[in-house]
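Report on the structure given below.
A short reminder: the numbers here are calculations on the coordinates, not readings from a lab. Remember, predicted model here, so these are calculated numbers, not experimental data. We place every Cβ from the backbone using ideal geometry, glycine too, and count neighbours over all the protein chains shown.
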Amino acid sequence: MRRVLPQEEYVAWLDRFLPEFGNLFEPVEVTDVTDGKLVHLAGLNLSRGWTLNGIASALNASDPRQREIREAAVDHTQAGLGYVFSGHYEGDHWLATFAIYTLSLVGISR
């Protein structure tokens, strides 16, 4: 929505659509990198990293949510990057593409 709505309309939409971010700010843990299904949670962290950063980029600097959202984006990115070179095929063969895309949009410094 941030790509199709003017900034003011996007912020109003975000307020209605997602009034509280709740556990979206907490990265998920991959409990078994050798499990082809569970390792997808690492990709979820990377995906959340880039989308949270996109949300923050559409907010005014004065919006109190912006800093918290950017910090959450960094936390998710770092959590996801921890699995990119695990040495297990289940994640290694595709997580690097998510990592490159995420880093091109998020960065990893606060």
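Computed over the chain with a Gaussian network model linking Cα atoms closer than 10 Å, the most mobile of R67, R48, R16 is R16. Among N45, N23, N53, the largest mean-square fluctuation in a Gaussian network model of the chain, built with springs joining Cα atoms closer than 10 Å, belongs to N23. Could you tell me how many degrees, from 0 to 90 and to the nearest 10, lie between the Cα long axis of helix 40-57 and the main elongation axis, the longest principal axis, of the Cα atoms of the chain? Approximately 20 degrees, to the nearest ten.
When the charge dipole of the chain is built from unit charges on Cβ atoms (+1 for Lys and Arg, -1 for Asp and Glu) and taken about the Cα centre, the candidate among H93, V4, L41 whose Cα reaches farthest toward its positive end is V4. Relative to the current alpha-carbon distance between T31 and S62, full extension at 0.36 nm per residue lengthens the span by 7.4 nm. If you take Cα extents along the principal axes in Å from the coordinates, which of (1) 34, 34, 26; (2) 45, 25, 24; (3) 70, 28, 21 do you get? Calculated Cα extents along the principal axes in Å: the matching label is (2). Taking each residue as 0.36 nm, the span from F21 to T97 lengthens on full extension beyond its C-alpha to C-alpha distance by 24.7 nm.
Contact order for the chain, expressed relative to its length and based on alpha carbon pairs under 8 Å spaced 6+ residues apart, stands at 30 percent. Taking D75, D63, D92 in turn, the Gaussian network model of the chain (Cα-Cα springs below 10 Å) assigns the largest fluctuation to D63. Here the chain is scanned for GluC sites (Glu not before Pro) in DSSP loops (not H, G, I, E, B) that have at most 13 other Cβ atoms within 10 Å, and the longest stretch holding none of them is 30-110. Helical content of the chain, expressed as a calculated mean residue ellipticity at 222 nm, amounts to -19000 deg cm²/dmol (DSSP H runs of 4 or more residues, -39,500 (n - 2.57) each, divided by residue number, nearest 500).
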